[in-house]
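The values are calculated or read from the model by the stated rules, or taken from the named source; none is laboratory data. A quick note: this is a predicted structure, and the numbers were derived from the prediction, not measured. Cβ placement follows ideal geometry from the backbone for every residue including glycine, while neighbour counts extend to all protein chains displayed.
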Amino acid sequence: MLPFFQGFAIGGGLIIAIGAQNSFVLAQGVRKQYIILVPLLCSVIDVLLITAGAAGIGSFIGAHPEISTYAAVGGAIFLSGYGFRSLCSAFRTNVLQTSAATETTQASIIMTTLALSLLNPHVYFDTLVMLGSISSQFDGGLRVAFTLGACSASILWFFSLSLGGTLLAPLFQRPLSWRILNLSICMIMWAVAFSIWPDHLL
């Protein structure tokens, strides 16, 4: 069981940092929209990437740095646009809207979740490279246990973040609270976009 808990602790430590993806999951939880679909998509993506890293795919990514560059550029552009959208929402929305009339389409939610999950090169470093390299220290069943631990941490975190966000919904019936959340998301998106932009392209 030790490798399982090691994987759980390391995987949890890497994913809990507040970033673009986590902010989006939390915001959807507060809106009470797609509170199962969004964390499920994020969890499936993480599980696939963590498993691929344990299988040794991280070495391929390390040998082809241009993959990370393309993801970084695309991610920075997308996050900048999403941040601007949140900024506009901060000054346009008076209270939290949760009615069907204001609900984003399922297709849009899926595409946004995929973009936030896959266009950030940090996710590949954390799952494929970092967790992949650590898992290589274990053999056979111990590596499987470590991988399961890391995957479990990801699943628990995303669903806790989404479902926990629903408990905060009453707070965001106040205009000021909703405005602060949108402004915070904007700042986080822009900060992540700036941090992932390749240095050699500045």
>> Could you go through segment 141-156 and let me know if any residue there is at pLDDT 85 or above, closer than 21 Å to ILE36 by Cα and of a type in the set (Phe, Trp, Tyr).
In response: no
>> Looking at segment 105-118, I want the residues that are closer than 14 Å to GLN28 by Cβ and touching a residue at least 40 places away in the same chain (Cβ under 8 Å) and have a partner that is in a helix (DSSP H, G or I) and among the small types (Gly, Ala, Ser) with Cβ atoms under 7 Å, at least 6 apart or on another chain. Which pairs are those?
In response: LEU116/ALA20
> Restricted to segment 157-180, and to residues that are at pLDDT 80 or above and buried (at least 17 other Cβ atoms within 10 Å of the Cβ), which residue is nearest to the chain's Cα centre (by Cα)?
Replying inline: PHE158
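Of all residues in segment 6-49, which are in contact with a Gly (Cβ under 6 Å, 6 or more places away or on another chain) and in a helix (DSSP H, G or I)?
Filtering segment 6-49 for residues in contact with a Gly (Cβ under 6 Å, 6 or more places away or on another chain) gives 7-8, 26, 29-30, 35.
Scanning segment 6-49 gives GLY7, PHE8, LEU26, GLY29, VAL30.
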>> Return the residues of segment 94-107 that are surrounded by 14 or more Cβ atoms within 10 Å (Cβ to Cβ) and either at pLDDT 55 or above or in a helix (DSSP H, G or I) (or both); say none if nothing qualifies.
In response: GLU103
> If you check THR112, THR147, which single one turns out to be buried (at least 20 other Cβ atoms within 10 Å of the Cβ) and part of a helix (DSSP H, G or I)?
Replying inline: THR147
>> Test of understanding: among PHE125, PHE91, PHE60, which residue is part of a helix (DSSP H, G or I), out of contact with any strand residue (DSSP E or B) (no Cβ under 6 Å at 6 or more places or on another chain), at pLDDT below 85 and surrounded by 14 or more Cβ atoms within 10 Å (Cβ to Cβ)?
In response: PHE125
>> Could you check segment 15-53 and list, in sequence order, the residues that are charged (D, E, K, R) and either touching a Pro at 6+ places or on another chain (Cβ under 9 Å) or surrounded by fewer than 20 Cβ atoms within 10 Å (Cβ to Cβ) (or both)?
In response: LYS32
